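See below for the structure under consideration.
The values are calculated or read from the model by the stated rules, or taken from the named source; none is laboratory data. Values in this document were obtained by computation on a predicted structure and should not be read as measured data. In this analysis, Cβ positions are derived from the backbone assuming ideal geometry, glycine residues included, and neighbour counts consider all displayed protein chains. Just the protein is used for accessible areas: all its heavy atoms, side chains included, with ligands, DNA and RNA removed. Shrake-Rupley method; radii C 1.70, N 1.55, O 1.52, S 1.80 Å.
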Amino acid sequence: MIPLPGPILLTALPLAAAIVTYLLRRWALLAAFIAAATSGILALACLYLPLDRSAFVLGQEVGFGRPIVILGRDLVLDPGGQAWLAFVFGLAVIFYFFSWRISQGQSFIPFSLAILSLYAFVILLQTFSLAVLVFAISVTVAVFIIQGGRRSSIRGAHRYLLITLLSVPLLLASAWLVDQSLLSTENTDMASQALLPAMLGFGLLLAVFPFGTWMPAVAADAPPIVTAFIFTATQAMALYLVLDFARDTPWMLTDATPSTMIQLAGLVMAAAGGLMAAVQRDFGRLFGYAALSDLGFLLLTLVMGGSQSQVLALLHMTSRALAVTLLAAGLSIIRHRAATDQFTGLQGVARRLPIATVGLVLGCLALAGFPLTAGFPTHWALGRAVWNWALPFSPWAQGAGTDASASGQWAGGLVLLALLTASTGIVIGVLRGLSAMLGADPREDLERQPIIASFMVLVLAALVILLGLYPQILLDPITSAVDALSSF
C-alpha cells in the first residue's frame, strides 16, 4: 500500500473542508466543528508525525515527509515548515471555536480554510518566487473575510490588498536578481543589487512602511477574530517568507546593512505605534496600533536578542499571538453587544460586560509588555539586551574607544526611551478607553455577557497570565522549533 503523502493532507484537507463548510455556513456549530477538527488534526499531525518514516493513522499509512510533484514542482515538507504549520493550524482552532459563539461573518470559516491550504502551499514550495505568488493569492482571498459582509467601508481591505500586492513585484525582482547571480560568476553584482528591492518588499509586507496604513484600518473595519487571523497567522507566514529568502541568500546574513535597517524599522514601528495608540478614540484602531507597535518589538528581537535572538523571536511571536487573540475575543463580545467600539459609545459597558472588558484590557496590556502578562518576558529580555549594548564595558563597546562607547550609551539610551514610549503609549490608550467604559451609568439596554464566549475569554486570560509568570513552559518546544528552522 502506497503511503498517503503529507503534502496531500496539508493542502487538500483544508480545501475540502472549505467546500463543505461553505455549503453548511448557515449552521454555525457544524461549520465551526468541521473547521476546528480539520485544523486540529493537521496541527497534531505537524507536531507528532515523523518526516523520515511512515506512520499509521486510523489504519491508513501516512508518509508525512514524502514529497510529491505537481505540475513539475516538488512539494516538500521540511522540519522548519512542519513547526510553522503546527503554529498556524493550532491558532486556527481557537479562532474557529470562538467564531461559533460570536459570528465573524459567514465567509470567515470557509475562506480562511482555503487560505490555510494556500499557506501550506507556501511552506511546501521550494521556489521562493512561486511561494510569493501563492501568498499574494491568499491575500486576495483574505479580502472576503476582512469585509465580513460589510458594505459601509472597504478601506481596510483596500489598503491591505494594495500594500501587500505592491510588495510582490519587488520580491520577485529580488528573487530574479539572486537567481541571475547564481547562473554566472560574472553576475555577482546582481546579488548585492537584490538587497534594496528585498528590503522594500518585506518592509511593505510586514507593515514597516508606510506607517499606520493597513493594520489600524483592518482592525477598525474587519471582525476582531478576522483581524487576529491576519495579525497572527498571516504575519507569521510573511515572516516565514523572510526566513525562506534568507535561506537562499545566506550572504545577506553577514551584511550589516539588513540588520541595521531591521533594527531601525522595528524601533520606529514600536515607538510610532505606541504614540498613535495613546490618542485613539476607539478600540478597533487602538488594536491595530498596539499590534503594529508589538510587531516592531518582534523585529527588534530578531537582531538585538543576542545569541538567543531566534528563541526570543519565536517566544515573542507565540505570546503576541495569544495576546492578540485575547484582545480580539474581548472586542468581539463588546462589538456584538454594544454595536460599537467608540469610547463615547461605551459608557458603562464594563459594568454589563466585565469579563469581555478584562479580556480586552489584558490583551492590550500584554501587547504593551506589562508585568505579569505574556508580553512582559520578551519585552524585559529585549530591554536587558539594549541595556547591555549601551554599557561602556559591554562586548560591543570593548576595544571601540571612548568616543564609540559614549555614542553607544547615547544610542542605547534613546532606544530604551523609544521602547518605554511604545509601551507607555499603549497603556495610556487602554486607560482612556477603560475610563469611558467605567462610566457612572451602566448600559441597561445591553444583554448580559454570553456564557460560552466569556468562558473562552477567561481561559485565554489565564494563559496570558500563566505565560507571563512561567514563560519557561514554552522554552522546550520553541527551542525544538528553532533547531528545526536552523536545519532547513
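When region 362-400 is limited to residues that are among the polar types (S, T, N, Q) and either open to solvent by less than 30 Å² (accessible area, probe 1.4 Å) or in a helix (DSSP H, G or I) (or both), the one that is modelled with the lowest pLDDT turns out to be Ser394. Looking across region 306-364, the residues that are free of Cβ contacts under 8 Å to residues at least 60 places away in the same chain and over 23 Å from Trp84 (Cβ atoms) come down to Ile334, Ala339, Thr340, Asp341, Gly345. Taking first residues from region 115-139 that are under 19 Å from Phe89 (Cβ atoms) and partners that are of a type in the set (Lys, Arg), the Cβ contacts under 7 Å between residues at least 6 apart in sequence or on separate chains come to Leu125/Arg73. Of all the residues that make up region 1-57, how many are farther than 17 Å from Phe111 by Cα, open to solvent by 40 Å² or more (accessible area, probe 1.4 Å), out of contact with any helix residue (DSSP H, G or I) (no Cβ under 7 Å at 6 or more places or on another chain) and in a loop (DSSP other than H, G, I, E, B)? The qualifying residues number 5.
Answer yes or no as to whether Val311 is over 16 Å from Pro210 (Cβ atoms) and either of a type in the set (Ser, Thr, Tyr) or surrounded by fewer than 19 Cβ atoms within 10 Å (Cβ to Cβ) (or both). For Val311, the condition - over 16 Å from Pro210 (Cβ atoms) and either of a type in the set (Ser, Thr, Tyr) or surrounded by fewer than 19 Cβ atoms within 10 Å (Cβ to Cβ) (or both) - is not met. Within region 435-457, the set of residues being surrounded by 14 or more Cβ atoms within 10 Å (Cβ to Cβ), at pLDDT 85 or above and either aliphatic (A, V, I, L, M) or in contact with a Ser or Thr (Cβ under 8 Å, 6 or more places away or on another chain) (or both) comprises Ala436, Met437, Leu438, Ala453, Met456, Val457.
With respect to Ala86, is the statement that it is in contact (Cβ under 8 Å) with a residue 40 or more places away in the chain, in a helix (DSSP H, G or I) and out of contact with any Asp or Glu (no Cβ under 8 Å at 6 or more places or on another chain) true?
Here the answer is yes, as Ala86 does meet what is asked.
Residues in region 160-185 that are open to solvent by 30 Å² or more (accessible area, probe 1.4 Å) and at pLDDT 90 or above: Leu161, Leu162, Leu165, Leu166, Pro169, Leu170, Leu172, Ala173.
Among the listed residues Phe343, Phe287, Phe283, which satisfies the condition of being among the aromatic types (Phe, Trp, Tyr) and under 17 Å from the mean Cα position of the chain (by Cα)?
Values: Phe343 fails: under 17 Å from the mean Cα position of the chain (by Cα); Phe283 fails: under 17 Å from the mean Cα position of the chain (by Cα).
Testing whether each residue is among the aromatic types (Phe, Trp, Tyr) and under 17 Å from the mean Cα position of the chain (by Cα) leaves just Phe287.
Note on region 208-294: enclosed helices (runs of 4 or more DSSP H) holding 3 or more residues that are at pLDDT below 85 are 235-248, 256-278. Filtered by the rule that a residue be within 14 Å of the chain's Cα centre (by Cα) and surrounded by fewer than 24 Cβ atoms within 10 Å (Cβ to Cβ), region 209-227 gives no residues.
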